[in-house]
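Undergrad: Shown below is the structure under consideration.
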Amino acid sequence: MDPAVRKSIITFGVVALAAGVFAAVVFGKGPKRPPVPVEQPVAAAATGSAAGSAAGTAPAPVGNESAEAVAGAASMNAPLVVLRASPADPAQLATADSIAGTVDPLHGRFAIHFAAHAAGITRIEFSDFWQTAQARQEAITHATAATIGASNIPPLPAEGERFNLRAYGVLGNPGIDVPMLAMHSVEVDGVLISLFGAVWSSERPGSFATLIGAEGDSPILRIERNFEITKMGAGYDIAQVLSAANLDDRQHEVRFISYGPGDLTLEAGAFIDARRLQTGYLLSEDRDAGGNTVLWHDGTMERADVIKKVSASEFTIWPTEIGLRDKLRLAWIGSASRYFALAIHAPYSPPQRDSKVLGSAVETIKATMGKDASGVDVVFSELHSASVPVAAGTTYSFLSEVYAGPLDRNVLGAAEPLSSLGMTGLIRYSLGGMCACCTFAWLADGLAAFLDFLHDYVVFDWALAIIVLVIVVRTLLHPLTKKSQVQMARFGKGMSELKPELEALQKRYSTDAKKLQAETMRLYKEKGVNPLGCAGGMLPTFLQMPIWMALYAVLYLAFELRQQPAFFGIFQQINGWSFLSDLSAADSFIRLPNSINLWLFSLHSINLIPLLMGVVFWVQQKYMAPPQAANQTPEQEQQQKLMRVMMVVMFPLMLYAAPSGLTLYILTSTCIGIMESKLIREGMAREDKLPKPPPGSKPKGAVGRAFAAALERAQQKSQDKLNKPSKFKNR
């Protein structure tokens, strides 16, 4: 063989051998398991028939690879021991839903329906909240008659009319029903054991127990989960204790995974999805050693953003990057809808240190998605506790509490421990999405507080409070409104008077654009007309936009207006007429027997106030609109006409199914605006403010003076060009 060829073969073999060794070292640590998809369920971890329970088994924890329930052995040669969960008392196996609490408003706030599997909650049924305003009124009538001892007491509404807090969806494929706050699994010495399914026994409603051990051997852990309704948080709080008792003769590392607050059901009548996840947190111990202040301002997670993160396989929502960097400490995590919230919060018990911190109970929060009964995406959250050592013969308990109640500032801002934990942060007057940046939180909170004050201490009716609020806002903005309309009227009349002269200039200088511009600016200056008058007149309108957006959010989201009738319920005294019986829903002037599904919304009733809004807008456009500029082109006039038609037709149509509290505010504000415009015009006519100012008069205002100076500079520049000798003159 040729020495050169032999040398090449040897070189190639050495390189191939080196590459193989390198690949074995880097990639050869056994076959790599692919990440388990969110939909892939964990293998069943129950004995006997429990493994095939109808409840199914929980999907794999988010971001974790599936792991069989195998206990770690002392050496590689030791036999593997398969651990599984089984009911602590098979005779008390939880096979049906149980109920704790009561729907009697004299004795409790709610009844909790516990799930038969996974030690979770199917629903929370409230004693004093109802699905509809009619059911609420029937309950009030029943309570009033019972209190005064009437001989004929009307019955309560049907039980199905009570409002239920639900966060029920389907995870996995095939779908698995997941109750609220259900247990997912326990991690023992780094190995996951499913706790989802028929593995719990229950001695009483809200008390669950299971044993962890190898089949046929003595259990090594006893796990208990206990819920108890407390009198804290105005009666809307539930204490929960999750404990692990070590029955073994050696120490074990234990971590729990459970489902936390997720999507609540979309409430009836909501045409904007206001659901969101929110967190409250404390600063690091270095910055707030006493744990005095709970913050929440940067803790809002819009539902759409959570879905986007999960779709991009970004599952962790706590701790955030900022939370890790600044060592923030979690105080609560909550899911809010339009009017209600479900939140896990710290077991506040001062003066204990860190009583506002969830601590080991919730170390990490991850999000995932499932489906509801109609196939719509549902957001779930997983709460991962810290991994803690549990010594032989000892018990470790993870403590937390659950708030399940309304987004009522009189509850969250006054009742303990909710007030000290800053859980008013769950209340957020924001329409979300693109409108979130337009709604100033401080302004919305101030308007909500003022509306409460008007109702509680001045007029004692929410509809009257809205009308008074309109009057106050319009009064405060009157100087800006007056200035706006005066400027626009002066501009319109001035342009009308200049129309013949402007047309003459356009004909004279039709071929010289620069000369036409200079002469037009000279004419404006001589006649004292400010072309920016229209734009300056619109400035107050733009300044009012934040107030309108904040009011819109408050009137749509304020729990205080939920199912509240207008004008002391006077319309309901007319044979139970539904008109304005609920300021948080459409006005229902004529209720239809059957709903009509339209493109924008479902038509349940003929609503009067949006139709009146259209009429009022037409009157405003026809009789109160400022005069048009004289130099408008036909295209511009057509565009303005189209805008007026859209204002009259589209705006009421878009708000047809909106809450009547909103439409009442807009209708009242528009009517007052028409009267205000009429008075302003009459005042201008009396004071003779519309005639053009005399030549040479100085314009008023910073905008007018700036424009006048610009006109003067442009005119001087034009004159200089005309006076400049031509370089061809002496040739």
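Undergrad: Could you grab me the full set of residues in region 569-624 that are outside any loop (DSSP other than H, G, I, E, B), on the phi > 0 side of the Ramachandran plot and touching a strand residue (DSSP E or B) at 6+ places or on another chain (Cβ under 7 Å)?
TA: Those that are outside any loop (DSSP other than H, G, I, E, B), on the phi > 0 side of the Ramachandran plot and touching a strand residue (DSSP E or B) at 6+ places or on another chain (Cβ under 7 Å): none in region 569-624.
Undergrad: Between Leu192, Leu171, which is touching a residue at least 40 places away in the same chain (Cβ under 8 Å) and either β-branched (Val, Ile, Thr) or out of contact with any Phe, Trp or Tyr (no Cβ under 8 Å at 6 or more places or on another chain) (or both)? Give the steps one after another, and end with the answer.
TA: On the way: Leu171 fails: either β-branched (Val, Ile, Thr) or out of contact with any Phe, Trp or Tyr (no Cβ under 8 Å at 6 or more places or on another chain) (or both).
After ruling out the rest, the residue left standing is Leu192.
Let's see how each residue does on (1) in contact with a Phe, Trp or Tyr (Cβ under 8 Å, 6 or more places away or on another chain); (2) under 24 Å from Asp89 (Cβ atoms):
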{"residue": "Leu221", "(1), (2)": "no, yes"}
{"residue": "Gln240", "(1), (2)": "yes, yes"}
{"residue": "Asp249", "(1), (2)": "no, yes"}
{"residue": "Leu277", "(1), (2)": "no, no"}
{"residue": "Glu285", "(1), (2)": "no, no"}
{"residue": "Gly299", "(1), (2)": "yes, no"}
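Undergrad: Being modelled with pLDDT of 90 or more and more than 8 Å from the chain's Cα centre (by Cα) is the filter; apply it to region 268-279 and report the residue that is surrounded by the fewest Cβ atoms within 10 Å (Cβ to Cβ).
TA: Ranking the candidates gives Gln278 first.
Undergrad: For a quick check of your reading: which strands (runs of 3 or more DSSP E) sit entirely within region 74-126 and have at least 1 residues that are among the β-branched types (Val, Ile, Thr) and modelled with pLDDT under 90?
TA: Correct list: 81-87.
Undergrad: Turning to a different aspect of this structure: When you look at Arg225, is it crowded, with 17+ Cβ neighbours inside 10 Å and in contact with a helix residue (DSSP H, G or I) (Cβ under 6 Å, 6 or more places away or on another chain), yes or no?
TA: Working: crowded, with 17+ Cβ neighbours inside 10 Å: yes; in contact with a helix residue (DSSP H, G or I) (Cβ under 6 Å, 6 or more places away or on another chain): no.
Here the answer is no, as Arg225 does not meet what is asked.
Undergrad: Identify, please: which residue in region 141-164 is modelled with pLDDT of 90 or more and within 20 Å of Gly405 (Cα to Cα) and is, among those, surrounded by the most Cβ atoms within 10 Å (Cβ to Cβ)?
TA: If we take residues in region 141-164 being modelled with pLDDT of 90 or more and within 20 Å of Gly405 (Cα to Cα), then Phe163 is surrounded by the most Cβ atoms within 10 Å (Cβ to Cβ).
Undergrad: From Ala289, Ala274, grab the single residue that is part of a loop (DSSP other than H, G, I, E, B) and touching a strand residue (DSSP E or B) at 6+ places or on another chain (Cβ under 8 Å). Outline the logic, then answer.
TA: Values: Ala289 fails: touching a strand residue (DSSP E or B) at 6+ places or on another chain (Cβ under 8 Å).
Matching residue, one of Ala289, Ala274: Ala274.
Undergrad: Would you confirm whether any residue within region 440-459 is without any contact (Cβ under 8 Å) to a residue 24 or more places away in the chain, touching a helix residue (DSSP H, G or I) at 6+ places or on another chain (Cβ under 6 Å) and not in a loop (DSSP other than H, G, I, E, B)?
TA: yes
Undergrad: Also: Starting from residues that are in a loop (DSSP other than H, G, I, E, B) and in contact with a Ser or Thr (Cβ under 8 Å, 6 or more places away or on another chain), keep the ones in region 165-178 and report whichever is surrounded by the fewest Cβ atoms within 10 Å (Cβ to Cβ).
TA: Arg166
Undergrad: If the requirement is being touching a Pro at 6+ places or on another chain (Cβ under 9 Å), buried (at least 19 other Cβ atoms within 10 Å of the Cβ) and over 26 Å from Phe559 (Cβ atoms), which of these qualifies: Leu282, Leu358, Leu328, Leu342?
TA: Leu328
Undergrad: Can you go through Arg338, Arg325 and tell me which one is modelled with pLDDT under 95, part of a helix (DSSP H, G or I) and either closer than 14 Å to Leu421 by Cβ or not aliphatic (A, V, I, L, M) (or both)?
TA: Unique residue meeting the criteria: Arg325.
Undergrad: Going by what's in this entry, would Leu498 be described as among the aliphatic types (A, V, I, L, M) and buried (at least 19 other Cβ atoms within 10 Å of the Cβ)?
TA: yes
Undergrad: Could you say whether any residue in region 682-695 is assigned to a helix (DSSP H, G or I), crowded, with 16+ Cβ neighbours inside 10 Å and modelled with pLDDT under 85?
TA: So far as region 682-695 goes, yes, one or more of its residues are assigned to a helix (DSSP H, G or I), crowded, with 16+ Cβ neighbours inside 10 Å and modelled with pLDDT under 85.
Undergrad: Ok, one more. Within region 296-304, is there a residue that is among the basic types (Lys, Arg), touching a strand residue (DSSP E or B) at 6+ places or on another chain (Cβ under 8 Å) and surrounded by 14 or more Cβ atoms within 10 Å (Cβ to Cβ)?
TA: Within region 296-304, one or more residues are among the basic types (Lys, Arg), touching a strand residue (DSSP E or B) at 6+ places or on another chain (Cβ under 8 Å) and surrounded by 14 or more Cβ atoms within 10 Å (Cβ to Cβ).
Undergrad: Hey, among Lys499, Lys514, Lys493, which residue is at pLDDT 80 or above and charged (D, E, K, R)?
TA: Checking each option against the conditions leaves just Lys514.
The values are calculated or read from the model by the stated rules, or taken from the named source; none is laboratory data. The model shown is predicted, which means the values in this text are computed figures rather than measured ones. All Cβ positions, even for glycine, are placed from backbone atoms using ideal geometry, and neighbour counts span all protein chains on display.
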